[in-house]
Every structure is written in C-alpha cells, then in structure tokens.
Amino acid sequence: MTHDDDTSTENTATESGEDTQTTEGRAPSRRSLLGWGGAGLAIGAVAAGGTAAALRTAGDTQPAGSDATAGSAIAFHGRHQAGIASAVQDRLHFAAFDVTTDDRDELIALLKEWTKAAARMTAGDAVGDGAVGGLAEAPPDDTGEALGLPPSRLTLTFGIGPTLFEKDGKDRFGIKARRPEALIELPQFPGDNLDKARSGGDLCVQACADDPQVAVHAIRNLARIGFGKVAIRWSQLGFGKTSSTTPDAQTPRNMFGFKDGTHNLAGTDTAALDKHVWVADGDAKGKESWMAGGSYLVARRIRMHIETWDRTSLQEQEDIFGRNKGEGAPVGKKNERDTPHLKSMLPTAHVRLAHPDSNGGVRILRRGYSFTDGTDGLGRLDAGLFFLAYQRDVRQGFVPLQKRLAANDALNEYIQHVGSALFAVPPGVRNADDWWGRALFA
C-alpha cells in the first residue's frame, strides 16, 4: 500500500523572488462577478463563523508550503508546480486524459490555453470572459459553478504519461527521444489487480482545493477547453486527506481509522525536498533537461476491504500497522511522533516495512486522499485510498518500496491495488509567457 506516514515527503514552499500571480490588468474575479450581493454572502459567512479569507481579493496569495487560510489563493507561477509541497487541501479531483489529436501544433495550443485557464482559476478568476455577460448566442467561456466562491487554495498540477512519448510503437508528437529514463512502465507488483480503465493516461491534472466544487469546476473547464483534442480517460474524487505537509497540523486518519502521514516531508524542508522530491539539474541532462525542477508522480487507486477490516480485533489492527489506533504511537511508545523501535514490531508490520530505516533511507512525498465510490454491487463499500506520491526517481523510490510491501506487508490481506499510473511532472510555470510542458516541446 505504501501508505504509512513514515515513508512520505512533500514539496517545498514557493521560493522567494519567484513569479507570483498578479492582479493588474486582470478581469474581475469570479467572486466580484456577483457584485455586492456576493460580498454580502461572504460577510454572512464570516458572521456565521466562516473564514475571513472569503473577503480576500484574488491576488492574495500564500506561499506553497504554508498552512494557508482556506479561502486564499496559492501562487500558480514559480520554480516548482504548486500542489506538490503545498499545504495539503481537503479535497481532490484527479483526472487522466487521453490525447485524441495527432497534431503537434494543436496539442501545444491546448497546453497554452490550459495554462492560462489554470492561472486564472487558481487565482479565483473565471476562465476567459467568464460565465455571464457575454454573447447570449454563444456558450460562455466558464461553466459558472464556482461563481461567488473564493479560490479555496486551489492548485492545479500537470503531468505527462509515457504514452504521450510513444504509443503502439509510434512517435506521436516528435518527442520520443526526450522521454526521461525514470518515466518507466511500472512493474506488475504481487497482488495487483489493475483495471486498465482506471490506469495510465497521456496527461494528468491534479486539482486540490478546500472546496470540492472549486476542484471539480477546474477539471470540468479544462476538459471542456480540450474537447476534440483530449478526453478524460479516468478520474477520481477524493476527500479526507491522508497525509500532511505541515507537521504542526493534526495528523489525518485513513479509512481504517489510523493516523497517516506522521512523518511526511514538510513543505518547508527544502533540503529534504531537494534530496527526495525534485529532479536535480544533474539528473536532467541533454534530452531530459526539460525535467529539471520537476518530479515524478505515482498515482495508485487502492481498494480497502472495509467490511473485513471492521470485523478484525483492535489488537490485530494495531499489530498490522505497528501503531496504536488512538494516539498513533509506535509499538512500545507513548506519543505519535516518538521514534519507532522497529524491531519491537512484528516483521510484517506496515510501519516497520515502510520506514526509511528499513529501505536504505528511501522517502517519498505523499499527498493521498480517501475515497468512497458507492458500492460494488455486492453490498460492499467501494472505498479506499487514492495514493499520490512524488519523488525524484521512482526507480529508487516507489518501485523498491512497493516491492517490499507487496511481498511482506500484513496489510495486504485488507487492501488491493486496482488502478495505477506514472507521470512526469515538469517544473513550474515561470511567468505569464510560459506554459505547461514548454521546455519539452521547445
């Protein structure tokens, strides 16, 4: 499952001096489109105990690694993409896309348009000319369901899958030679039962926000903009973050009721992020230079056998994880953040197997989410963990770690990996003239 807190990391805060979103010359934000009526709603929210951030302007931004106020905006431009080291938001809408056009110029034009739309939405602005006030005879530029809502710390993180470089032996867009060596085909791990309809993808966009409607609005608009050029291959909604990049915050719990992400990398730990998460200049030479400052994302849909787990004794549950369920303390310890004594745990305990000390210091940056997608037709919850992990190189990160867990982890009796994808996540968009994937296609 690779889902314990002791294996995680996350990316850094936006570095000082990097480009941030500006407000000059920008159309009114989606909130201001509602005029004073919208402001009245925001004031009412504050009076009722809501966040004061509802009154912020779209240009109010927070550093990527800070635990930002729920209604504020996170800067879109910077050296690294937001949504990796950023403080983890409450909600997720993840979408993998298949590219349906064979025209390189059409794809580049789409990526430019997507980037402009992403910059506007993360700032709290409507796409294009907005959802209202345009020509009555034409569809609006924005779908409108986020009108009046604050940015909600929306981040949009873009990735590129192996099949964009080559598919069925074809160099689709003249970029086959620039495929990074680390963008491998993930191996089939023991116990995997992968659904092809929930795996892979040419492109991906990870939308995280504190309001689910803001996240869904973002993916919906990108899909609408891409009509005829891309199509959603699969998507996943998530709630209840299962990891945190802000160690001072309360550790979240997964669907099994255990705290998750106790020792995830902090978004402000630049040294750890440089070591474990960001692709270094030395890693990205020649044909791979476009990946410098980027990262690699593993996305895994992990089904949890909820009903079986719920009939398991508390002692067995704690033995499986290697932590107690209440405080989250390691076996034999009192507090959650106490250093675990791995040899005091069962050899098959999840924490023992996943801990960096058992894996040559390997760490990955996790920002997964829980999910429930109804039932499976047999009266059982289709629920689990949507595992998202960023790392500098999956060949030294996720792959050896998952091989170890898949072979020995006692938790495997209660989970199954049913979806899988790997994406190269380029560095950040530097300024208004830059766009997602520009260095790859240059």
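Odds and ends about this structure:
- Matching entry among ALA70, ALA58, ALA82, ALA64 (being assigned to a loop (DSSP other than H, G, I, E, B), of a type in the set (A, V, I, L, M, F, W, C) and either at pLDDT 95 or above or touching a Leu at 6+ places or on another chain (Cβ under 9 Å) (or both)): ALA82
- Subset of the range 188-199 [of a type outside the set (Phe, Trp, Tyr) and touching a Lys or Arg at 6+ places or on another chain (Cβ under 7 Å)]: ARG198
- Checking each residue in the range 330-364 for being over 24 Å from LEU388 (Cα atoms) and of a type in the set (A, V, I, L, M) picks out VAL331, LEU342, MET345, LEU346.
- Criterion: in contact with a Ser or Thr (Cβ under 6 Å, 6 or more places away or on another chain) and of a type in the set (Gly, Ala, Ser) - qualifying residue of GLY294, GLY267, GLY282: GLY267
- Filtered by the rule that a residue be small (Gly, Ala, Ser) and modelled with pLDDT under 95, the range 132-147 gives GLY133, GLY134, ALA136, ALA138.
- Residues satisfying the stated conditions in the range 314-351, i.e. farther than 11 Å from THR262 by Cβ and small (Gly, Ala, Ser): GLY322, GLY326, GLY332, SER344, ALA349
- Conditions (1) part of a strand (DSSP E or B); (2) within 19 Å of LEU203 (Cβ to Cβ); (3) aliphatic (A, V, I, L, M); number of the one not met by LEU385: (2)
- Residue in the range 328-338 that is in contact with a Leu (Cβ under 8 Å, 6 or more places away or on another chain) and either at positive phi or part of a helix (DSSP H, G or I) (or both) present: no
- Complete set of residues in the range 404-434 that are among the hydrophobic types (A, V, I, L, M, F, W, C), crowded, with 18+ Cβ neighbours inside 10 Å and more than 30 Å from PHE321 (Cβ to Cβ): ALA424, VAL429
- If the condition is being over 30 Å from the mean Cα position of the chain (by Cα) and exposed (fewer than 14 other Cβ atoms within 10 Å of the Cβ), then the range 313-345 contributes SER313, LEU314, GLN315, GLU316, GLY332, LYS334, HIS341, LYS343, SER344.
- With respect to (1) surrounded by fewer than 20 Cβ atoms within 10 Å (Cβ to Cβ); (2) among the charged types (D, E, K, R); (3) in contact (Cβ under 8 Å) with a residue 24 or more places away in the chain, the lone exception for LYS285 is condition (3).
- Residues satisfying the criterion are present in the range 127-142 (criterion: in contact (Cβ under 8 Å) with a residue 24 or more places away in the chain, among the β-branched types (Val, Ile, Thr) and either touching a Leu at 6+ places or on another chain (Cβ under 7 Å) or part of a loop (DSSP other than H, G, I, E, B) (or both)).
- Qualifying positions in the range 128-183 - under 20 Å from GLU113 (Cβ atoms), in contact with a helix residue (DSSP H, G or I) (Cβ under 8 Å, 6 or more places away or on another chain) and of a type in the set (A, V, I, L, M, F, W, C): ALA131, ALA146, LEU154, LEU156, PHE158, ILE160, PHE173, ILE175
- Residue check for THR157: assigned to a strand (DSSP E or B), β-branched (Val, Ile, Thr) and touching a residue at least 40 places away in the same chain (Cβ under 8 Å): yes
- Of all residues in the range 288-312 being under 15 Å from the mean Cα position of the chain (by Cα) and closer than 21 Å to GLN81 by Cβ, the one that is surrounded by the fewest Cβ atoms within 10 Å (Cβ to Cβ): VAL298
- Just so you know, in the range 165-202 the residues that are in a loop (DSSP other than H, G, I, E, B) and of a type in the set (Lys, Arg) include one that is farthest from LEU440 (Cα to Cα), and it is ARG172.
- Helices (runs of 4 or more DSSP H) lying entirely in the range 207-321 (those with 3 or more residues that are closer than 30 Å to ASN408 by Cα): 270-276, 306-310, 314-321
The values are calculated or read from the model by the stated rules, or taken from the named source; none is laboratory data. As the structure is a computational prediction, the values presented were derived from the model and not from experiment. In this analysis, Cβ positions are derived from the backbone assuming ideal geometry, glycine residues included, and neighbour counts consider all displayed protein chains.
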